[in-house]
Every structure is written in C-alpha cells, then in structure tokens.
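The structure under discussion appears below in the form of structure tokens.
Read-outs throughout are calculated quantities, based only on the coordinates presented, and are distinct from any laboratory measurement. All of these numbers come straight from a predicted model, not from anything done at the bench. Positions of Cβ are backbone-derived with ideal geometry, glycine not excepted, and every protein chain shown enters the neighbour counts.
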Amino acid sequence: MITVVGTGTGAPPQECLAGAELVVGGRRHLDAVRLPEAAERIVLGPLAPALDTMAEYLDKERRVVVLASGDPGFFGIVRVLAERFGPAALDVRPGVSSVAAAFARVGLPWEDAVVVSAHGRDLRTAVNVCRARPKVAVLTGPGAGPAELGAALALPGDAGAAGSATSGCRATAAASWSAAPRGGAAHRYGPAPLERVLVVASALGSDDERVERVTPAEAAARDWGTAVSVVLCLDESRALGAVRTVAGPSAAPSQWALDEGEFTHRDSMITKFEVRALALARLGPRLGDLVWDVGAGSGSVAVECARLGAAVVAVEKAPDGVERIRANAAAHGVDVRTVHGSAPDALAELDDPDAVFVGGGGRELPDIVAVCARRARRSVVVAMAALDRVPAVRAALTGAGFGCDGVLLQSSRLAPLPGDVTRLAATNPVFLLWGARNPVSDEGVAQ
C-alpha cells in the first residue's frame, strides 16, 4: 500500500509517517517533517526512478509514503501513481489545496471557478481562460508565473507592463475590451473595459505566506520568485456570481445561432443564423481557445463564440461597427476584445488564434484569408456572397496547408401572408468555405 499524504497549507500529520520504510516527496516536503530513522528518503526529480524504487518496496510489502502538495488528487501525483500501481494500491489522505486556500484567504466561494494548470504547459490556454471567464485559478510553474500571466493580460496602455509574454496579449493602440455590463441597463449599449485583478498567493500555510492583490501590469513588472502557490484572476464585479447547483464554469448555452433580432445591427448587415450555425460548427469555439472575428460587423459571430467559452477578438474597420460589437457583447454578458482597424494590417500585433472567422467580400479578402490561414492553429471559416472570390479564397486556404471544403448555403424562411397563409422567403445565398489543420490537443482545464 502507498499512503499519499497531501500537505495542505502546512506540514502533514506526523502519525502518517509512522512505520514508513520509504518516504518520497519534494525537498521542501521532506524537510518539513521528522522521518522515521530507518526510512529511506527519495527527493523527487525525474519520476521514473522513484516509481521503480516504490515498485520494489511494494513487491516486498514494505510501507511507502508519498508526500505531496495540497490535494494530490487534483492536478497531482495520484494520477501517475494510479496509472502505475492501480487505484486499489493507494491510500490517499488529501490536504487543503492551494486553490481552496487562496479563495478562502480572499473570502470568496469557488464552486463556479475555472481551474487551469500552466505548470509544464503552454501558458496560452490559461491566458485565454482568464480573458473569457470572471473567476479563474491558475496553477503556475517556471516560465508561467504571475509576471508572464500579467504581461499577457495587461490592457493596452497600462503603465508598468513588462512587454508581452510569449503567448500573451500584445498591446495595440486601437484595441479595447467590451464586456458584461457592470451596473444594469445604463451599460447595456455602452463599452466597458475588461478589468481583471490578479491575487498572487505565495507560500500558503507557512510563516512566509503572502496574498497580494495586483493589476496585471503590476504583476508583469515584478519578480515573484519560486514560492507562488496559485494565482487567482478575478473580475471582482462578478466574483460572487449566482447561486449554483452544478460546480465548475458556466454551462454551455442551450441555444446558439441566435436570431438576428438578438443583436443590434445595421440594415440587416449581419451574418444570418443559418450561416452562423455552420460557421460555429466548423470553428469549434471552446474554453481555452482564442478566436478572431475579422470584418466582424455587428459581432454576432464573436459574441456567439464568446458565449461558447472562447476568448474572442473582433476586428472591425467602421467606428459605428465597433460600437455595435461592444453593445452586443454587453447585452449578452460576454467579454469581447474589439480592434478598430482594417485587416490584414490590424492583425499583426494580435496573438495567434485557434480559429478565425472572416466575413465580407472586398478585393482584399484573399489576402486577409491568407494572413489568417498562416496564423490559425486549427481552422479558418470564410463567408462571402461573391462567386468571383471563391477560387482565390480557396487557393489562399490550400496554399497555407489547409484542407479546404465548402458549401453554398441557400435557405428560405417561413413568412406570413395576408389571409393567414404562409410563403417561403428566400435569403441571399452565401458561400461558406473552411479549412482545417490536424486537431490540436487539449490542454489542462479543470471544469
């Protein structure tokens, strides 16, 4: 039997070590306890040699104790041990996780929080989750700590931001965020900045414990050392949230491809819901993704992608279009970053997206699609009305290494006529082309 002891926010109970013949753990865990005199001690580095030694002890029915941080079943060593030795070989005694402790320190419930691990993983997933959700806990690691996360999340123009992180949000002068309303109907059709505060919890449970509330720019400008336990990223205006029945992030919306009447738009210049439905299916927006909506118009695609959990950047050249995108994001309670500018130039300083939707049909469309296709990690979807643009757009997608497919969407909607009868009213036909790369593997988001 392997006894796995979570240290919680302090040292484990000493009685857990009684009779142990092999004790395995990180150096700080081993140094914090009094080991039995006859026990062998292994400081964890590479896991494989430690696992082999543990197997030898188990074969001889000798007692093994593994010391771990917090709750070892939550992004911890229990997974590795269960895979090697089987769950029945484990006696797990969890401690208080750093996530639970950090939320306790700031007096917030966390059943509705999203927990994402950046330890040994690409930071971009954590960044995109923080952009999209109001309550996130980030498990940090080397090269993915508060400074890097802060640099990625700092708003354009924030003083003290220490440049852009590798996968961070690069600043553009014409960029802003529009978000869920902060105070009722007065904000329904007005822009609101995406405001996040970082709570950096270090050395939880020790005499050196620190819990500091900073802006992303302030976090980016500091050296935080190696004692960081967890970073909370909060939109404090929404940090309490509503009473929940199911834990985890908000469930996916029950409807998508919303009716055009759900959005503010100009003269029916909006991606129709039939087109939006297929575009969303091919984009596949999800939590941890970054999606571009290029030539966003009313932002209907951007808003729908944000409702499905993705972080979204909407690029629009018309000033009144930018205001409509902000209004629609606020009305639907989602965070959407707006960039006022013309593609492809406006795309240069943006982070690489997972998926891109491109709308419009000007002469520059093939060039815009080519730029998007070079940058997109997974998929590009293009909607256009002009038949003449189809060959060039298809060439732009295939030239970037995408497989390409597409359809001509023609639909007719039920429409009333006098005399209590109904006719079919045809909508304008739209070409929808899409290109896809090989799937990118999921990164560790706990939901």
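Just to confirm my numbers, what's the Cα centroid distance between segment 56-73 and segment 207-238 in Å?
Between the Cα centre of segment 56-73 and that of segment 207-238, the gap is 33 Å.
May I ask for the angle, rounded to the nearest 10°, between helix 47-59 and the longest principal axis of the chain, with both axes built from Cα atoms and the value confined to 0 to 90°?
50 degrees
Relative contact order (percent) for segment 36-138, with alpha-carbon contacts under 8 angstrom and 6 or more residues of separation?
Values: 64 pairs, mean separation 17.1, N = 103.
So the answer I get is 17 percent.
Using only Cα atoms and rounding to the nearest 10 degrees, what angle (0 to 90) does helix 319-331 make with the longest principal axis of the chain?
For 319-331 against the chain, the angle is about 50 degrees.
So if I place +1 on the C-beta of Lys and Arg and -1 on the C-beta of Asp and Glu, and nothing else carries charge, what would the dipole magnitude of segment 319-447 be about its Cα centre? I want it in debye, nearest 20. All intermediate terms of the calculation are to be shown ahead of the outcome.
Numbers: 13 positive and 15 negative charges, 77 e Å.
With only Lys, Arg, Asp and Glu charged at Cβ, the dipole is about 380 debye.
About the Cα centre of the chain, how large is the charge dipole given +1 on each Lys and Arg Cβ and -1 on each Asp and Glu Cβ? Please answer in debye to the nearest 20.
680 debye
Would you mind calculating the relative contact order of segment 189-332 from Cα pairs under 8 angstrom and at least 6 residues apart, reporting the percent as a whole number?
23 percent
Please report the net charge: other residues with Cβ closer than 14 Å to the Cβ of Val322, K and R +1, D and E -1.
Residues near Val322 contribute +1 overall.
Please turn the phi angles of segment 71-85 into ³J(HN,Hα) values with the Karplus equation 6.51 cos²θ - 1.76 cosθ + 1.60 (θ = phi - 60°), one per residue in order, whole Hz, x for glycine and proline.
Per residue, the Karplus-derived 3J(HN,Hα) values read 9, x, x, 10, 6, x, 6, 4, 4, 5, 5, 5, 5, 7, 10 Hz.
Along the positive direction of the dipole of the chain (beta-carbon charges: Lys, Arg +1; Asp, Glu -1; about the Cα centre), which of Leu287, Ala118, Ala425 reaches farthest?
Ala425
Taking the Cα centre of segment 262-366 as origin, sum charge times position over the Cβ atoms of Lys and Arg (+1) and Asp and Glu (-1), and report the length of that vector in debye to the nearest 20.
Here segment 262-366 has a charge dipole of around 300 debye.
Return the sequence-ordered ³J(HN,Hα) values of segment 391-396 in whole Hz as given by the Karplus equation 6.51 cos²θ - 1.76 cosθ + 1.60 applied to θ = phi - 60°, using x for Gly and Pro.
x, 5, 5, 4, 5, 5
How high is the relative contact order of the chain, in percent, counting Cα pairs under 8 Å that sit 6 or more residues apart?
Once normalised by length, the contact order is 13 percent.
So, in Å, what gap is there between the alpha-carbon centers of segment 416-434 and segment 84-127?
51 Å
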